[in-house]
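Presented below is the structure to which this report refers.
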Amino acid sequence: YSNTDGITKTKKPYFKWNQPSDPSGIDEYHWQIYTSSSSFVREEYPTSTSDRPDIDLADGSYKIRVQAKDGSNNWGTWSSYYNFTIDNSSPGTPSLDLSSSSDSGYSSTDNITNDKTPYITWSSVSGAYRYWCDYDDSSPDRESTTNTNWTSPSLSDGDRWIYVQAEDAAGNTGSAEA
């Protein structure tokens, strides 16, 4: 989950490259996008060191390469490929449980507790980068964790709901489970 991991949910990602040095100057660039299996997708000829496709790219893995044309009309060599992924799919929903160590009700599975800082566990969600945890107290705070467990802040007495939502590396979030 970073600006350099090559994962985005932007269907028209913005690409930047460095201008090569040439005594006659650089007049134009040529970039090509392929799928990860090398099927041609798109090419364009911008005059600046940044550009984006003029079409939406579908979810999937891609690679892009760039070459420059100098002021004498000579095309340079291609850059190495830069791999990237378009991801707009939401991750799944975790299944929550009040840990038996915090469950003080009639049974260890009735989700009743007198613990003011209950310990919550949930199932791992495939593709989740992190989880967002929230509760319905009078001043709810949203916290993130990469673990599949969380100890809530101190809660007041009464019925309380704790929510967990998975987020993937592209920033897509799944449904919250309470």
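The values are calculated or read from the model by the stated rules, or taken from the named source; none is laboratory data. As the structure is a computational prediction, the values presented were derived from the model and not from experiment. Neighbour counts run over all protein chains shown; Cβ positions are idealised from the backbone, glycine included. Just so you know, the surface numbers come from the protein's heavy atoms only, side chains and all, with ligands and any DNA or RNA stripped out. Shrake-Rupley method; radii C 1.70, N 1.55, O 1.52, S 1.80 Å.
Measuring with a 1.4 angstrom probe and ignoring ligands and nucleic acids, VAL41 comes out at about 50 Å² accessible.
Relative contact order (percent) for segment 1-138, with alpha-carbon contacts under 8 angstrom and 6 or more residues of separation? The normalised contact order for segment 1-138 reaches 21 percent.
Considering only DSSP states other than H, G, I, E and B, which chymotrypsin sites (Phe, Trp or Tyr not before Pro) in segment 92-150 qualify as loop sites with at most 10 other Cβ atoms within 10 Å?
TYR106
Under 5 Å between amide hydrogens, built in the peptide plane, is the criterion, and for TYR135 it picks out ASP141, TYR163 among residues at least 5 positions away or on other chains.
Computed about its Cα centre, the charge dipole of the chain is approximately 680 debye, with only Lys, Arg, Asp and Glu carrying charge at their Cβ.
Sequence neighbours fewer than 8 away in the same chain don't count; with that in mind, list the aspartates and glutamates whose C-alpha is under 18 Å from LYS12. Within reach: GLU43, GLU44, ASP51, ASP54, ASP56, ASP59, ASP87. Measuring r between the beta carbons of THR77 and ILE55 and using R0 = 30 Å, the FRET efficiency lands at 0.70.
Rolling a 1.4 Å probe over the protein heavy atoms leaves ARG52 with an accessible area of roughly 110 Å². With both labels modelled 7 Å from their Cα along Cα-to-Cβ, the ASN172 to SER100 distance reads 3.6 nm. The residue list PRO23, PRO13, ILE55 was ranked by how far each Cα lies along the charge dipole of the chain toward its positive end, using unit charges on Cβ atoms, and PRO23 comes out on top. Taking the inverse of the mean 1/r over every pair of distinct Cα atoms in the chain gives a Kirkwood hydrodynamic radius of 19.8 Å.
For segment 80-178, a simple Cβ point-charge model (Lys and Arg +1, Asp and Glu -1, everything else neutral) yields a dipole of about 260 debye relative to the Cα centre.
For THR151 and GLU43, the FRET efficiency from 1/(1 + (r/R0)^6), where r spans their Cβ atoms and R0 equals 45 Å, is about 0.30. Less than 29 Å apart at the alpha-carbon level, and either on another chain or at least 8 residues along: which lysines does that give for LYS16? Within the straight-line cut-off, LYS16 pairs with LYS63, LYS69.
How large is the Kirkwood hydrodynamic radius of segment 89-146, in angstrom, based on all distinct alpha carbon pairs?
Radius from the Kirkwood sum: 12.9 Å.
Of the residues ILE86, SER101, TRP132, the one whose Cα sits farthest towards the positive end of the charge dipole of segment 62-140 is ILE86 (charges of +1 on Lys and Arg Cβ, -1 on Asp and Glu Cβ, taken about the Cα centre).
Over all projection directions, the Cα-based convex hull of segment 26-100 averages an area of 7.8 nm². With the simple spin-label model, which puts each label point 7 Å out from Cα in the Cβ direction, the SER144 to SER123 separation comes to 2.5 nm. Where in segment 1-37 does the amide nitrogen come within less than 19 Å of the point 7 Å from the Cα of SER89, taken along Cα to Cβ? Backbone N within reach: 1, 6-12, 35-37. Positive end of the dipole of the chain, charges at C-beta (+1 Lys, Arg; -1 Asp, Glu), about the Cα centre: which of GLY76, VAL41, ALA176 has its Cα farthest in that direction? Toward the positive end, the furthest listed residue is GLY76.
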